[in-house]
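For reference, the structure discussed in these notes is given below.
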Amino acid sequence: LISRYIKNGDVVSIGSSPLGEQFVKKLALALEEEHIPIDSISFVPTSMRNAAIASSMGLPITDINEREIDVAIEFVDQVDADYNFIKHDSASLVRDKMIAQSAGILIVVTEEKGFVKKLRGKVPFEITTFGWRRTLNQLDALGEASRREENGIPFKTETGHYVIDVHVDNIFSYDDLDFETKNIPGVLETGIFVGFADKIIIHGKTIQLMSRTEFKQ
């Protein structure tokens, strides 16, 4: 993966999630194994944790205001054959969506059970804290909606917002769901990523690679 898609001078980003944090460490070690100078790669962190790990591993930090992303890697919960995916674990869906839009190549990684014919189930929404109950009630029209909490305390993204999880049994149109929910004033971003992915890595008993431009391997 490293030698094939990441080269000297690239700007790299890894989406915010516990698995993403682990992969930051593996990235630095893999660069060394592939004899790619670690200081030849610039890293755009999507969370404070990612930034701290990258700095500790010697990865040079840059900013999306200064550079666009060459290669981004996301660990996702569900992805379909049309390269649409849902991401639950995120320090900020706003940041992750910006990275996905910027990336020249976006590689998504999922388990075998995460490769599905149709996205469904829990969909997260990053919303403003102002008027959050009103926003929750509007999202509840899509399915059972609840504010995410950790140990009884409302979860806040690193951008200072709440996350509402909505259980959607049947998504008729990903584009419509994304567009219509963003028309709700309190909704900042959705956990549905429509058409952003370029490559899919499915891991389980075997590892499968899917690509828009390459044959399966």
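For the reader, a short list of remarks on this structure follows.
- Total formal charge among the other residues, if their Cβ is under 9 angstrom from that of T157, Lys/Arg +1 and Asp/Glu -1: 0
- R0 of 35 Å, Cβ-Cβ distance A52-D176: FRET efficiency to nearest 0.05: 0.35
- Ellipticity estimate at 222 nm from DSSP helix runs (n ≥ 4, -39,500 (n - 2.57)) divided over the chain, nearest 500: -7500 deg cm²/dmol
- Of all DSSP bridge pairs formed entirely within the chain, close to 60 percent run antiparallel.
- 16 Å Cα-Cα reach of K113 towards lysines, excluding residues that sit fewer than 8 places from it in its own chain: K87, K122, K205
- Comparing H161, H88, H35 in a Gaussian network model of the chain where C-alpha atoms under 10 Å apart are linked, the largest mean-square fluctuation is found at H35.
- All lysines inside 20 Å of K26 as judged from Cα atoms, apart from same-chain residues fewer than 8 positions distant: K7, K199
- Put simply, when 23-32, 204-213, 175-184 are sorted by average Cβ atoms within 10 angstrom per residue, most first, you get 23-32, 175-184, 204-213.
- Positive dipole terminus of the range 89-217, leading residue within S173, V123, T213 (C-beta point charges): T213
- On a per residue basis, the chain carries 51 Å² of accessible surface, using protein heavy atoms and a 1.4 Å probe.
The values are calculated or read from the model by the stated rules, or taken from the named source; none is laboratory data. This one's a predicted model, so the numbers in the text were calculated from it and none came from an experiment. Cβ atoms come from the backbone with ideal geometry, glycine included; neighbour counts cover every protein chain shown. Calculation scope for accessible area: heavy atoms of the full protein, side chains included, ligands and nucleic acids excluded. Shrake-Rupley method; radii C 1.70, N 1.55, O 1.52, S 1.80 Å.
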